[in-house]
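K.L.:
Before we start, here is the structure in question, set down as structure tokens.
The values are calculated or read from the model by the stated rules, or taken from the named source; none is laboratory data. No experiment lies behind these values; they were computed from the predicted model shown. Don't worry about glycine lacking a Cβ; one is built from the backbone with ideal geometry, like all the others, and counts go over all protein chains shown.
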Amino acid sequence: MKRIYAALAIVAIVGLAVLVEAGANGIDNMGDEFAEKWQKFKHMWRHMGKERQRHNHMMEHAWRNMLNATRMEGVLEYNNGSYYIDTTPLYLGNEYFMNSIAKSDYDGDGNYEYVWQEMEGLIGSNIVVNGVLRNGTLYVSHINGIWLRAPRETPELVEMSGILEYNNGSYYVDGKMLIIKHGFSKSDIDRDGSLERMDAELQGLIGEQITVDGFMNEKGFVVMHINGIWAR
């Protein structure tokens, strides 16, 4: 209903604009002016409708592919810290994700628990998982049709300690350039009593011994935690 009201409002605005302009130019030209404006409006409306349909089609295609990329069904097993279905290892997320509160009640016990607890409640039961299969590991996106996470591989985190240095607009630890997030920090990392932009938080730590963890890419060391504090 809201879309219908919005469409009627647009029509009313266009009609009012045409009437005002026609009054300024003279009543005699009102018919031609209105016809021209109306044709432009219809063309714009059709174009908007096609774009909306194209966007909806793309989203529908993307979600269908995500759910149907790779589908596996079987009994969930847990062995030596890993989950399996029919000997295929499942990647559900890194340690930080597994120790976060689940967005859904996957094991159906009526509680929102940590992700690892939700999975523990499913061990030994028959489940359906969807995701992306890479190098023999299934990176899970859905459990029993319920969204879990984006099925991407998270690089293994490595830890690095050293004096934080600043040079030519970039931060370094042990000679490695740090790739930090843009925008405001979620935590008071430099302990000055203020939540600041990430750049300012790091400015407060220059010259101090810090510990960071993350992973290397082609640009530098992507920082995930600073002194044990989430930094993304």
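K.L.:
On the given criteria, is Gly175 more than 22 Å from Tyr96 (Cα to Cα), under 29 Å from the mean Cα position of the chain (by Cα) and at pLDDT below 95?
P.N.:
Here the answer is no, as Gly175 does not meet what is asked.
K.L.:
For Asn135, only one of the following conditions fails: (1) at pLDDT below 95; (2) over 21 Å from the mean Cα position of the chain (by Cα); (3) closer than 14 Å to Leu92 by Cα. What is its number?
P.N.:
(3)
K.L.:
Of all residues in segment 211-220, which are farther than 12 Å from Ser161 by Cα and not in a loop (DSSP other than H, G, I, E, B)?
P.N.:
Listed by number, the residues that qualify are Phe215, Met216.
K.L.:
Is it the case, given these coordinates, that Gly162 is within 27 Å of Asn227 (Cβ to Cβ), touching an Asp or Glu at 6+ places or on another chain (Cβ under 6 Å), modelled with pLDDT of 95 or more and of a type in the set (Gly, Ala, Ser)?
P.N.:
yes
K.L.:
Another one. Can you tell me which residues in segment 207-232 are aromatic (Phe, Trp, Tyr) and either surrounded by fewer than 19 Cβ atoms within 10 Å (Cβ to Cβ) or at positive phi (or both)?
P.N.:
Phe215, Trp230
Yes or no, residue by residue, for (1) farther than 22 Å from Ser100 by Cα; (2) of a type in the set (Phe, Trp, Tyr); (3) in contact with a Lys or Arg (Cβ under 6 Å, 6 or more places away or on another chain):
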residue: Asn130; (1), (2), (3): no, no, yes
residue: Gly183; (1), (2), (3): yes, no, no
residue: Ser194; (1), (2), (3): yes, no, no
residue: Leu202; (1), (2), (3): yes, no, no
residue: Glu208; (1), (2), (3): yes, no, no
residue: Asp213; (1), (2), (3): no, no, no
residue: Asn217; (1), (2), (3): yes, no, no
residue: Gly220; (1), (2), (3): yes, no, no
residue: His225; (1), (2), (3): no, no, no
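K.L.:
Taking the stated definitions as given, is Ile206 touching a residue at least 40 places away in the same chain (Cβ under 8 Å), in contact with a helix residue (DSSP H, G or I) (Cβ under 8 Å, 6 or more places away or on another chain) and within 14 Å of Tyr166 (Cβ to Cβ)?
P.N.:
For Ile206, the condition - touching a residue at least 40 places away in the same chain (Cβ under 8 Å), in contact with a helix residue (DSSP H, G or I) (Cβ under 8 Å, 6 or more places away or on another chain) and within 14 Å of Tyr166 (Cβ to Cβ) - is not met.
K.L.:
Now for a separate question. Scanning for something in the same structural domain as Ile163 (by TED's automatic domain parsing), part of a helix (DSSP H, G or I) and surrounded by 13 or more Cβ atoms within 10 Å (Cβ to Cβ), does segment 186-199 turn up at least one residue?
P.N.:
Yes, there is a match, as at least one residue in segment 186-199 is in the same structural domain as Ile163 (by TED's automatic domain parsing), part of a helix (DSSP H, G or I) and surrounded by 13 or more Cβ atoms within 10 Å (Cβ to Cβ).
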